[in-house]
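Asker: The following block contains the structure, expressed as structure tokens.
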Amino acid sequence: MPILELQRRMRQLGEIRIGRVVDTGRISQRTQRPIMRPEKLDRFRVTSASKPLLEEVAALYGGTVQPWTPANGGPAEWEVYTDADRLPVLVPPRDPVTQWYELYKGSKCVRRCDGVTEQKSDKPCLCNPEQRDCQITTRLNVMLRDVPGLGVWLLTSHGYYAGTELPEVAEFLATTRGYVDAWLAMEEKQVVRDNGDVARFMVPKLDVAVTPAQLLAGQGAVSPAAVEATAARAAITGNGPAAIEAPKAAPPAAAQPTAETFIAAAVDSKTLNDLSTNLKAAQHAGFARNLGDASDLVAVAFMKRRAELSSPSTDQPAAQAPPAGDPDLIWQQIVAASPWPMSELRERFITASGGVAPEDAGVQDLTDFLNGMKAGV
């Protein structure tokens, strides 16, 4: 049982940065220190206290690991300027983004405000809303998918566009089950100022390779079943496991699987777990997207085999059919059988389950809803 008042979180392995500070060549008369200015980058810069971790980053995404001392006088770390403007990441399912108005003096945060209340003093926000002293501060936590280490990497942005766009995308991805495969990318934006000057700056963004409907249906999340599905796809296609996006040259394209490939996989499935794994591989390849379509031979093969495996059999050990079931597979069946649009389906499910969202529902809630929908309740 966890301590209820203790905020749990994954440890931070390092930071992903889209800029750096450079020396202007001038000296501050007040502090007698060099005056620095920010400079944008068109490739990701990654910093960490762990040199071995950054060596893994450099091996994957290019660059050379070198010592780095933060401008604010923090502890010495390491940095690598990668060759990548897109990184394969996993978006955590809980609180991937935080946002505050913040004001720093040196390395110390003296104000942290949500726009109404200043958190450190628990008093009303001290800034003039028309001319704030505090900066918008958006923090995104992701895992670098192919880099060893169990923890998150922090990206911090003070930009307006990152502050308005990143949270909505990250929070939508976090509504799916598990950690979501995504790309962290950089996009250049330009704005024409009132005086006619054009400002250009880099904005971090999150991309995924699945549709919003697929995300809401539970697809795109990384789970043990998804890892098994990846292995199944590799076995079917004859291609080894691949990263979401290779930072260097892409591997040769493998032969595309056919409908017959997945029909055979359905027939050969020995357990419901095997069937679920093979179904996800088929759907990832573009087959069996609608399990209720009688004209889809792949979908028919999977539904037929599911019925066979679900039926009692004297020659099959009972332990082969897991009693817990697969929430993802049950939700896919609900989506396939639903006569309603996705938004209405979600609302109906939440109402029927007493306020539980599909992505948080257990096997029993999902099964009850599916049975009720089939019965016309």
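Computed from the coordinates by the stated procedures, all read-outs in this text should not be read as laboratory data. Note that the coordinates shown come from a computational prediction; the quantities given were computed from them, not determined experimentally. Glycine also receives a Cβ, built like all others from the backbone with ideal geometry; neighbour counts cover every protein chain displayed.
Asker: Just subtract the alpha-carbon distance of Gln29 and Gln12 from 0.36 nm times their residue separation and send over the number in nm, one decimal.
Answerer: Details: separation 17, 0.36 × 17 = 6.12 nm, distance 3.66 nm.
Contour length minus the Cα-Cα distance gives 2.5 nm.
Asker: So if each residue of separation counts as 0.36 nm, and I subtract the Cα-Cα distance between Val267 and Ala49, what length gain in nm does that give?
Answerer: Values: separation 218, 0.36 × 218 = 78.48 nm, distance 5.10 nm.
Difference between extended and current length: 73.4 nm.
Asker: Using label points projected 7 Å from each Cα along Cα→Cβ, tell me how many nm separate Ala352 and Leu126, to one decimal.
Answerer: 5.4
Asker: OK, next. Could you go through the stretch 35-44 in sequence order and give the Karplus-derived ³J(HN,Hα) for each residue, using 6.51 cos²θ - 1.76 cosθ + 1.60 with θ = phi - 60°, rounded to whole Hz, and x for Gly and Pro?
Answerer: With the stated coefficients, the stretch 35-44 comes to 8, 9, 9, x, 9, 6, 10, 9, 9, 6 Hz.
Asker: Full-extension gain between Lys105 and Glu308, please, as 0.36 nm times their residue separation minus the C-alpha to C-alpha distance.
Answerer: Gain in length upon complete extension: 66.3 nm.
Asker: Right, here's the next one. With θ set to phi - 60° and the Karplus curve 6.51 cos²θ - 1.76 cosθ + 1.60, what are the ³J(HN,Hα) couplings of the stretch 16-29 in order, to the nearest whole Hz, using x for Gly and Pro?
Answerer: 9, 10, 10, x, 8, 10, 10, 6, 7, x, 10, 10, 6, 5
Asker: Take each of the peptides 183-189, 27-33, average the number of other beta-carbon atoms within 10 Å over its residues, and list them starting from the highest. Walk me through the intermediate numbers first.
Answerer: Working: 183-189: 16.4, 27-33: 8.6.
Going by the mean number of other Cβ atoms within 10 Å, highest first, we get 183-189, 27-33.
Asker: Residues in the stretch 15-31, backbone N under 16 Å from the label point at Thr156 (7 Å along the Cα-to-beta-carbon vector): list them, ranges by number please.
Answerer: 15-22
Asker: Continuing with the same structure: What is the calculated FRET efficiency for Arg94 to Ala337, with r their C-beta to C-beta distance and R₀ = 35 Å, to the nearest 0.05? Don't skip to the end; give the middle numbers.
Answerer: On the way: r = 30 Å, r/R0 = 0.86.
Step by step, r from the Cβ atoms, then E = 0.70.
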